[in-house]
Each structure stands twice: as structure tokens, then as C-alpha cells.
1. L175's amide H: which non-local residues (gap 5+, or another chain) put their own amide H closer than 5 Å, with H modeled 1.01 Å from N in plane and none for Pro or chain starts?
2. Over what distance in Å are the Cα centres of the range 66-81 and the range 163-232 separated?
3. Tell me the label-point distance for the pair Q227, L54, using the 7 Å Cα-to-Cβ offset, in nm and rounded to one decimal.
4. Placing unit charges on C-beta atoms (Lys and Arg positive, Asp and Glu negative, everything else neutral), compute the dipole magnitude of the range 20-61 about its Cα centre in debye, rounded to 20.
5. Quick one: the Cα spread of the range 23-64 along its three principal axes, in angstroms, biggest first?
6. What accessible area per residue, rounded to a whole number of Å², is obtained for the chain using a probe radius of 1.4 Å?
7. Could you quote the convex hull projected area for the range 1-99, Cα atoms only and averaged over all directions, in nm²?
8. Give the long-range amide H neighbours of Q12: residues separated by 5 or more places, or on another chain, with amide H under 5 Å away, using H modelled in the peptide plane at 1.01 Å from N.
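The values are calculated or read from the model by the stated rules, or taken from the named source; none is laboratory data. Note that the structure is a prediction, hence the values are computed from the model and not measured. Glycine also receives a Cβ, built like all others from the backbone with ideal geometry; neighbour counts cover every protein chain displayed. Just the protein is used for accessible areas: all its heavy atoms, side chains included, with ligands, DNA and RNA removed. Shrake-Rupley method; radii C 1.70, N 1.55, O 1.52, S 1.80 Å.
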Amino acid sequence: MRRLGYERFGAQGGDWGAAISRELGRAHPDRVIGVHLNLLPGAQQATEPTEAELAALGPEERERTLASWRRWAAWQRESAGYAILNSTRPQTLAYALTDSPVGQLAWIVEKFREWTDSEELPEEAVDRDLLLTNVMLYWLTGTAGSAARIYYERAHAGSRRAAAPAQPSTVPTGLAVFPAEPQVPLRHRAERTENIVRWTEFDRGGHFAAMEEPDLLVADVRAFFRQLREKG
């Protein structure tokens, strides 16, 4: 950013970009003015809550905690296979995906079906041509393997910080929450590691917010940084 002429800047991210943007702010609080996320790794209820945990929460947050756990447990039970393969045998998988355009299509479109705010078909949430273009970029460039390796490299890096931040971030952070996101964030957990200054919950949209609901996401990003600017 300095080479581009910016001494101070903001960051925004979802999915892997959320972990990267969050870490960027934590590591460089003197230069990052704020971090806007539409997913916060580690903010979901990743283990079954105990009675003591639930008793310490208000009624609304208690119900949200249970909902967060149920959704995360279902994801681990039914949807985590791709991550396990990517984390353990990315090169073996890459040969299959690179050899078959139908395989590559199915591998990616299934995630759009599962993670978007759609009832039956992913194109209810994301334009079909945009979805096919997304898949085509992997196919034409032969990058199934390199796309998968980030999972392997994180799993073998000896640190779980990207998945569950252990060090707090002091940078002002905004979170846009979309209802079909596989991870249901909990504010009381998020505030343990983040300096949350904006928390917006939407009534539609899912994991691919920038593709599904770009107007909602862009408006929230603008409002977040406007809020920081007005506060000096």
C-alpha cells in the first residue's frame, strides 16, 4: 500500500479474505484505519454450549448461541468434506478436477447451492453466467490445485490463529451478518478478540455476499468507513 501511495488504509474481506483482513489489522494497527468483514473466523459457537455458558447469557443471545451451534454442527457433519480433502490431499484432488470440467463445475456449484440464500438452485442467488464465469476461471487456468493448497498450508503451519484468533485486534472492526452464512457469529464471542464498532444484520444474503447482495454489502462498507471518518 505504501508503494501505491497510501500510508493508511482500510481492509474488507469475507471467507479467506476475512481471516487475512483481520490479521492485517491486528498486525498493523498503526496503518489500518478499520477492518470490515462479512465473516469473522472463530465467532461462531464451535462446541456444544454448556449449561453454565448458556446461563450467563440473556434469552436472545442464548437462543442465538444454540442456533449457532446447531448450524456449525450440521456443517461439520454434512459439509466439511471438501475442507478435509483440501487440507490433506490437495494434489490428488487437483488431478481429478483438472481432468474434468464437469467435476470442477460440480465441486464449486455445490458450494454455491449450499452457502447462498437460495431455496433450490444457486442461480436464485447468483446470476448463472456469473457463476459459470467463476468456475471457468479455475478450469481455464488449471488452478484447482493452487486454490486447494491454502487449506493444506494452513493445516500444516503449526498455528490455528486464522481459524480461531488468539491475539486480540485493536483496530475498529465492522461485521456485516448475512442470514445464510454457514457460521452464525455471536457478538459476545466476537468482542473477546475484536474492537467491534459496527454490527449489521441483514434479512437476506449468504456466504458469497459480494456476488449475492452487492448493494447491501457496499452500502455497509461505505457506512462503516464513513462512521470512522466522522469520529476522526
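1. Placed amide hydrogens put L37, R198, W199, T200 under 5 Å from L175.
2. 21 Å
3. It works out to 3.1 nm between the two label points.
4. The calculated dipole for the range 20-61 is roughly 420 debye.
5. 42, 18, 17
6. 57 Å²
7. Projected over every direction and averaged, the Cα hull of the range 1-99 covers 10.2 nm².
8. So Q12 has HN proximity to H36.
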